[in-house]
Each structure stands twice: as C-alpha cells, then as structure tokens.
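Peer 1: Before I ask anything, here is the structure I am working with.
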Amino acid sequence: MDKRRELMKQAVHFFSMKGFHQTSVQEIAQASGISKGAFYKHFDSKESLFIEIIKQHHEEIISETSAIHFLEHLDPLEVFNRKIAIEIERVLDNHEFFLMVFKDFPPSESEQIAALFQELQTSAMASHKKSILEAFGSKVEPFLLDLATVLGGMLREYFITLIFESKQVSPIKLSAFITGSIHAIVQQLDELDPVLSEEQTFIDQRNELLKGIEDKIQRLSSENDRLLPSFELLKKELGKKEPKIFLVEALLVYLKQEQQLEHDVNRLEKLI
C-alpha cells in the first residue's frame with residue numbers, strides 16, 4: 001500500500017474513533033510510519049486529507065454501481081435495486097466515520113467542506129436521475145428531478161436515523177423498500193404533475209453561487225473596490241437573454257485570479 005493510501009486508511013480510523021477535530025496530524029503520520037513533516041508531502045492539511053477520503057468514497061460508490069450494468073441476468077428494476085443496496089452498504093460499513101462527518105461538519109464549519117458537500121450532492125443527484133431513467137424508461141423524464149429528490153431524501157433520512165441511533169437493518173431489505181416506494185410513485189405519475197423543473201434548479205444553483213461569490217468579495221476588504229465592479233458587470237450580463245459570451249468569459253478569468261474566489265468561479269463557469 002502506498003503511503004498516501006496508508007495515511008487515508010489511518011485517518012479514517014482516527015477520525016472514526018476520536019473525531020476530526022480531536023485527531024492530530026502527528027497521530028495520523030505516526031500510525032502511518034512517517035514524520036509529521038513528511039505528511040505534508042502528501043496532503044496540504046488535515047482538511048485536504050479529509051476531502052480526499054470523502055471524494056474517494058463517493059467515487060468508489062459511483063464505480064461500483066456503474067459496474068452493475070454488466071450483470072446481464074438482472075432486469076432494469078433489479079439493477080436499480082442493487083445500486084441502492086450498494087449505496088446503503090457502503091455507508092453502513094463506515095457508519096462510525098459518517099457519524100463523525102454528521103457531528104463534526106455542520107454546514108457553516110468550512111467553506112471548502114461546504115463546497116465539497118454541494119459538489120457531491122450534485123453528483124449524487126445526477127447519478128440518481130440516470131439510474132431512475134434507466135430503470136423506468138422515458139415516461140419518467142418530466143418527473144426525473146422530483147423522483148431523484150424523493151430518492152435522495154429517503155436515503156439521507158434513513159442514513160441519519162440508522163447512523164445516529166445505531167440501528168441494524170438489512171441493506172437488501174431497505175433497498176427493496178426504497179425501490180418499491182419509487183416504483184409505486186412511478187405507477188401513479190399519470191395522475192400527477194411535475195413539481196420541480198431542471199431549469200429552475202439550474203437558475204437557483206447559479207444564483208446561490210453568485211450570492212456566495214459576492215459575499216466573499218465583500219469580506220475581501222482590500223480587494224473589494226477592484227473585484228466588485230467586475231462581479232456586478234458579470235451578474236448584469238448573465239441576467240440578459242443573450243449575454244455576450246466573450247465578456248462573460250473575460251470576467252470569469254479575471255475573477256479567478258483571486259485565489260479565494262477560484263473554486264466558486266470554476267463551479268459557476270460550469271453552470272453558464
């Protein structure tokens with residue numbers, strides 16, 4: 001096992017046992033057989049190590065669920081059910097770690113962590129929409145966002161309940177219940193109207209990012225006068241029916257030069 005993976009393994013152990021804030025870089029490094037100084041050759045900080053662990057967990061779930069398609073003996077609904085079971089199994093297998101995540105990282109804890117969770121939520125939503133479409137076909141397309149929201153909400157509430165209350169349930173039984181619930185809703189779609197729209201969600205995400213960038217600029221008192229006019233121009237241009245693409249791109253490049261804005265501006269760029 002390479003040293004980077006060993007550090008991640010030891011970090012999961014200590015974070016699960018002691019919590020993120022109570023675990024020191026020294027402890028993780030020592031358990032991995034290296035010095036504290038050598039730790040920083042692999043990760044910039046304890047927070048960046050935590051982010052890498054969360055990203056790896058998410059990527060492993062996406063990879064494992066994607067592989068289910070190669071099991072030819074399963075019908076589309078069985079594939080969907082198995083994907084849900086994998087999500088449940090992987091979270092419950094690491095329930096102590098995720099208990100620490102829920103306790104140690106409230107939304108306001110860190111802008112970087114909050115951005116990570118938002119990014120993962122967007123990725124999970126896209127994955128769930130894809131899985132629902134593959135399981136139930138084109139008839140559900142107008143309802144994809146609603147169905148994915150219901151699915152994500154069910155999973156999240158079950159995870160919170162099972163992790164905080166240390167309840168033992170069968171992932172297969174739970175996935176069957178969730179799959180059956182989504183299936184039951186799908187069977188009633190002829191009598192329902194969509195509530196959420198992709199366009200509105202897109203606009204809401206973009207507006208939320210713009211607000212976050214503006215707040216950061218306001219806090220950068222020394223750079224406020226330089227950055228705010230460019231940001232206001234960008235916001236005005238994006239509000240037009242036909243924004244000038246060259247101007248938007250130039251303003252994005254300019255704002256990204258400020259390191260504290262770079263991550264959010266990159267996310268905004270994907271929504272334009």
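Peer 1: Which value in nm describes the separation of the simple spin-label points at Ser63 and Ser166, placed 7 Å from the Cα toward the beta carbon?
Peer 2: 3.2 nm
Peer 1: For segment 1-112, what number of Lys pairs, 8 or more residues apart or on separate chains, have alpha-carbon atoms under 29 Å from each other?
Peer 2: 28
Peer 1: Output the peptides 235-244, 174-183 sorted from most to least packed, where packing is the average of other Cβ atoms within 10 Å over each peptide's residues.
Peer 2: On the way: 235-244: 10.9, 174-183: 17.2.
Those peptides, ordered most packed to least, come out 174-183, 235-244.
Peer 1: So if R0 is 30 Å, what FRET efficiency would Glu223 and Phe117 give, r being the distance between their Cβ atoms, rounded to the nearest 0.05?
Peer 2: 0.65
Peer 1: What spacing in nm lies between the two simple spin-label points modelled at Asp193 and Met17, each 7 Å away from Cα in the Cβ direction?
Peer 2: If labels sit at Asp193 and Met17, their model points lie 5.8 nm apart.
Peer 1: Restricting to DSSP H runs of at least four residues, report the calculated mean residue ellipticity at 222 nm for the chain, -39500 (n - 2.57) per run over all residues, nearest 500 deg cm²/dmol.
Peer 2: Roughly -24500 deg cm²/dmol at 222 nm, from the helical runs in the chain.
Peer 1: With the alpha-carbon atoms as the only input, what is the per residue convex hull volume for segment 118-174 in Å³?
Peer 2: So the per-residue Cα hull volume is 86 Å³.
Peer 1: Still on this structure: Using a basic spin-label model with each label point 7 Å from the Cα along Cα→Cβ, how many nm lie between Lys236 and Arg156?
Peer 2: Going by the 7 Å Cα→Cβ label model, 3.7 nm.
Peer 1: Gain in length, Lys244 to Asn207, computed as 0.36 nm per residue apart minus the alpha-carbon separation, to one decimal in nm? Numbers along the way, then the final one.
Peer 2: Details: separation 37, 0.36 × 37 = 13.32 nm, distance 1.85 nm.
Roughly 11.5 nm would be gained on extension.
Peer 1: Sticking with this structure for a sec: Kirkwood Rh, the chain, all Cα pairs: how many Å? Mind dumping the intermediate values first?
Peer 2: On the way: mean 1/r = 0.0467 Å⁻¹.
Result for the chain stands at 21.4 Å.
Peer 1: Follow-up question, since we're still on this one. Calculate the all-directions average of the projected area of segment 198-270's alpha-carbon convex hull, and give it in nm².
Peer 2: Taking the Cα atoms of segment 198-270, their convex hull projects to 4.6 nm² on average.
Peer 1: Counting other beta carbons within 10 Å of each residue's own, what order do Ser35, Ser110 fall into, fewest first?
Peer 2: In increasing order of surrounding Cβ atoms, one gets Ser35, Ser110.
Peer 1: Sorting Val79, Val12 on the 10 Å Cβ count, fewest up front, what's the list?
Peer 2: On the way: Val79 17, Val12 20.
By the 10 Å Cβ count, ascending, the order reads Val79, Val12.
Peer 1: How far is the Cα center of segment 81-102 from the Cα center of segment 218-272, in Å?
Peer 2: Segment 81-102 and segment 218-272 have Cα centres spaced 38 Å from each other.
Peer 1: Under 19 Å Cα-Cα from Lys244, which lysines qualify once same-chain neighbours fewer than 8 residues away are excluded?
Peer 2: The reachable lysines, counting only those whose Cα sits under 19 Å from Lys244, are Lys235, Lys236, Lys256, Lys270.
Peer 1: With only alpha-carbon atoms in the gyration tensor, what are the semi-axes of the equivalent ellipsoid for segment 3-43, in Å, largest first?
Peer 2: Calculated on Cα positions only, the semi-axes equal 16, 10, 8 Å.
None of the figures in this text is laboratory data; all of them are computed from the coordinates on show. What you see is a predicted model; the values in this text were computed from it and never measured. Glycine also receives a Cβ, built like all others from the backbone with ideal geometry; neighbour counts cover every protein chain displayed.
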